[in-house]
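The values are calculated or read from the model by the stated rules, or taken from the named source; none is laboratory data. Model, not experiment: these values are computed from the prediction. Please note: Cβ atoms are built from the backbone with ideal geometry, for glycine as well, and neighbour counts cover all protein chains shown. We work out accessible area using only protein heavy atoms, side chains counted, and drop any ligands, DNA or RNA first. Shrake-Rupley method; radii C 1.70, N 1.55, O 1.52, S 1.80 Å.
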Amino acid sequence: GPISSILVNRYGSRPVVIFGGLLCGIGMVSAAFCTSILQLYICVGFITGFGLALNLQPSVIIIGKYFLKRRPIANGLAMAGSPVMLCTLAPLNQFLFDNFGWRGSFLILGAILLNCCVAGALFRPIGAATASVKTQAIEEGKETPKEEVTKDAMEMRSPRNVPMETEVEEEEGKDCCEKINQYLDFSLFKHRGFLIYLIGNVLMFLGFFAPIVFLAPYAKHIGIDEYSAAFLLSILAIVDMIARPTTGIIANSKWVRPRIQYFFSFSIAFNGACHLLCPLASGYTGLVVYSIFFGLAFGMVCAMLFETLMDLVGAARFTSAVGLVTIAECCTILLGPPIGGTLIDTFGDYKYMFIKCGAVMVLAGTFLFIMNYYNYRMLAKEEKERKAKEEDPKSVRTENEGRNNWNKETIRDGPELEPLREEREGLKKEVNGT
């Protein structure tokens, strides 16, 4: 996740997706020639897994660059691609295995995944291109070299009693920090809304994926045949496919969009409530009803998972935010299903796993709801204080006095610095013009 964010910040979405598609295809095609499980771990697990990671984040990031007004709908429609493939993947795999064997299946799946490169080629980058403008400084009809003007401006800005060596060291340290923040913006950990989102999601993922893993085994555990148990996942995927774009449309409405964090909190709590009620489903009909509601809740959360983060941090910082969130979430995503399996082994019953997942998700939804309410209140208070400060004549007068004092000090420097001051002003105007 963070590697993907760094690469997107450095090279853009298009080359990262094309490179990810190549890795996916190479990994799956290489798996067709494997002779041991360790080789499959490397080809399918590592190479293809890394390629898929490089595909996911740029696909989400570029939505924020293309859309603003209808971004929730765009996110919902884009996220709907995942359940569409989930509905068809199981029968497709079975068909390929029956007709071509496992080696031929890997070859065909590798060819399918190479289409990610085609999709990546369509990721047209947008935005104003950085134009290279030639900088000139003209004084009394003479052209001064750019390096000299910059040097003079730096000398005017720096205090006279500070050695140049110290200045260079400070600039180098500043450049190092800027380079780090250029690829991953760690200042997001000071962002109140981002921290609320991060804590809530880390808690939520402890119970988010485990019910999907154990749904079919639970159905077989209570005496349902294997085909009907597998069909529950197809029902979940079909409802999920409809729920994601529908959620995007609702989230984009004028009543929900300004307070979309509340809607996201409700979706998580609703997901948890479904898991808490699952043990009451004694037969196949009850599990079908559970799968329908679970698919609805799952689709709602997935449709808004990235939209709410973008709403909090903005499109400009979204790339770094996704990478940092991935670092924190990966532990709970990996721990959720094993903890559920441990509960099943310990008590010999699946209901404790569903109760654990439901309780964790209800707790996460409640936490996000309360903290987002606090965040909205604080944002409104800060905005009110800012407006009051802007309208306060005393603060305006203080700012004007400070500006006048600075002008007086500048005049007091004497006429010998006048040519240098003019060069600095010329450079400032050219920078502003650029």
Note on segment 63-105: residues hydrophobic (A, V, I, L, M, F, W, C) and open to solvent by less than 20 Å² (accessible area, probe 1.4 Å) are Ile63, Ala74, Ala80, Leu96
What are the residues in segment 105-117 that are without any contact (Cβ under 8 Å) to a residue 60 or more places away in the chain and either closer than 17 Å to Leu56 by Cβ or within 27 Å of the chain's Cα centre (by Cα) (or both), if any? Ile112
Among the listed residues Leu54, Leu23, Leu7, identify the single one that is crowded, with 16+ Cβ neighbours inside 10 Å and without any contact (Cβ under 8 Å) to a residue 40 or more places away in the chain. Leu23
Would you mind stating whether Ala321 is touching a Leu at 6+ places or on another chain (Cβ under 8 Å), crowded, with 18+ Cβ neighbours inside 10 Å and not assigned by the TED database to the domain that holds Ala78? yes
The residue that is farthest from Asp225 (Cα to Cα), considering only those in segment 280-304 that are open to solvent by 20 Å² or more (accessible area, probe 1.4 Å) and either modelled with pLDDT under 85 or part of a loop (DSSP other than H, G, I, E, B) (or both), is Ser282
Some residue of segment 212-229 being in a helix (DSSP H, G or I), charged (D, E, K, R), modelled with pLDDT of 85 or more and open to solvent by 10 Å² or more (accessible area, probe 1.4 Å): yes
What number of residues within segment 305-318 are open to solvent by 20 Å² or more (accessible area, probe 1.4 Å) and part of a helix (DSSP H, G or I)? 7
Residue count for segment 251-273, restricted to those that are open to solvent by 10 Å² or more (accessible area, probe 1.4 Å) and closer than 13 Å to Met361 by Cα: 4
Selected residue [in a helix (DSSP H, G or I), surrounded by fewer than 20 Cβ atoms within 10 Å (Cβ to Cβ) and more than 22 Å from the chain's Cα centre (by Cα)] from Thr326, Thr346: Thr346
Taking the conditions exactly as written (assigned by the TED database to the domain that holds Gly358 and surrounded by 21 or more Cβ atoms within 10 Å (Cβ to Cβ)), does Gly248 satisfy them or not? yes
When you check Gly49 against the structure, is it out of contact with any Phe, Trp or Tyr (no Cβ under 8 Å at 6 or more places or on another chain) and either modelled with pLDDT of 80 or more or assigned to a helix (DSSP H, G or I) (or both), yes or no? yes
